[in-house]
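Asks: Sharing a structure below in structure tokens format, with a few things to ask.
The values are calculated or read from the model by the stated rules, or taken from the named source; none is laboratory data. Being a predicted model, the structure only gives us computed values, none of them experimental. Neighbour counts run over all protein chains shown; Cβ positions are idealised from the backbone, glycine included.
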Amino acid sequence: MPRFDNQTVLVTGGTGGQGSSHVRAFHAEGANVVIGGIDARRGAALADELGTRARFTRLDVTDENSWSAAVLAAETAFGSLNVLVNNAGVQNPPATIEETDQATWSRILDVNLTGAFLGIKVAAPALRRAGGGVVVNIASIMGLGGTAHYAPYVASKWAVRGLTRTAAVELGRDRIRVNTIHPGVISTPFIHEPAAGASAAIADYYSPEPFAIPRLGEPADVTRLLLFLSSTDASFITGSEYVIDGGLLLGPALQAETA
Ligand SMILES: NC(=O)c1ccc[n+]([C@@H]2O[C@H](COP(=O)([O-])OP(=O)(O)OC[C@H]3O[C@@H](n4cnc5c(N)ncnc54)[C@H](O)[C@@H]3O)[C@@H](O)[C@H]2O)c1
């Protein structure tokens, strides 16, 4: 039985990578999907492919007016908004803190943190109008520790955790649940296409071979967890954080020496 019949889901950065996996899965489980993003060509193509229960809306998550238009588009097309997935994110070109210019710092914080803040701010009234709902923020395992050369990204993802917890407290009485997912290394353009100035893609930086589950994550791995958290099966879960990293944070598995 589809878990999201008569539900409308807005996924930011929904035009590719993990976002399009989330969009397809929600749609397959009965949801109306609103694909929010800045890549209009890919967004429109995905909406066309999925058909009547899908819309693309141009959404730059750093722009509050853009958010207002996206939430209005969801309610106008489908009558309500029930689930918001703050998935859009950008990484900084690897650089030490001393090498990082303020413009880079601000750009990463704007998309990864302010984008999620604006999303919750603008979507909350719509979720309330729907009688309650769900927000899932996509952070990162980099938001759980320190990673050299990624200070803006790491700081932004740490901050999303505080945002999640605060939103969960503020919105719980309105039947709005807010949770965070921390993906490990997931096979998308994000890790395979080095940011400008990067010497190596994150896929090389975090080669999966030494870890408990020695493969990269797939978008579908994250999607399955996201759908659980967005469903009524998770109705008592709010303000929580879920790591999905194949055991990377556990550290390398011990390798038996062979003679
Ligand atoms: N791939 C990984 O290994 C990994 C690991 C941990 C966390 N994450 C997080 O997962 C999320 C999805 O990343 P992905 O792996 O699919 O990478 P991706 O680069 O394929 O997708 C990121 C998406 O964000 C969109 N985006 C960027 N700036 C935007 C803006 N201002 N407004 C709206 N959309 C914008 C991009 O167009 C793109 O569709 C991000 O938040 C990322 O930080 C990724």
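Asks: Given segment 67-173, what helices (runs of 4 or more DSSP H) lie entirely inside it while holding 1 or more residues that are of a type outside the set (S, T, N, Q), more than 30 Å from Ala47 (Cα to Cα) and more than 15 Å from the ligand (Cβ to nearest atom)?
Replies: 102-109, 151-171
Asks: Can you tell me which residue in segment 21-46 is farthest from the ligand (Cβ to nearest atom), limited to those that are part of a helix (DSSP H, G or I), touching a residue at least 40 places away in the same chain (Cβ under 8 Å) and buried (at least 24 other Cβ atoms within 10 Å of the Cβ)?
Replies: Of everything passing the filter in segment 21-46, Phe26 is farthest from the ligand (Cβ to nearest atom).
Asks: Quick one: what pairs do we get from segment 90-102, first residue hydroxyl-bearing (Ser, Thr, Tyr), second at pLDDT 95 or above and more than 16 Å from the ligand (Cβ to nearest atom), C-beta under 6 Å, 6+ apart or different chains?
Replies: none
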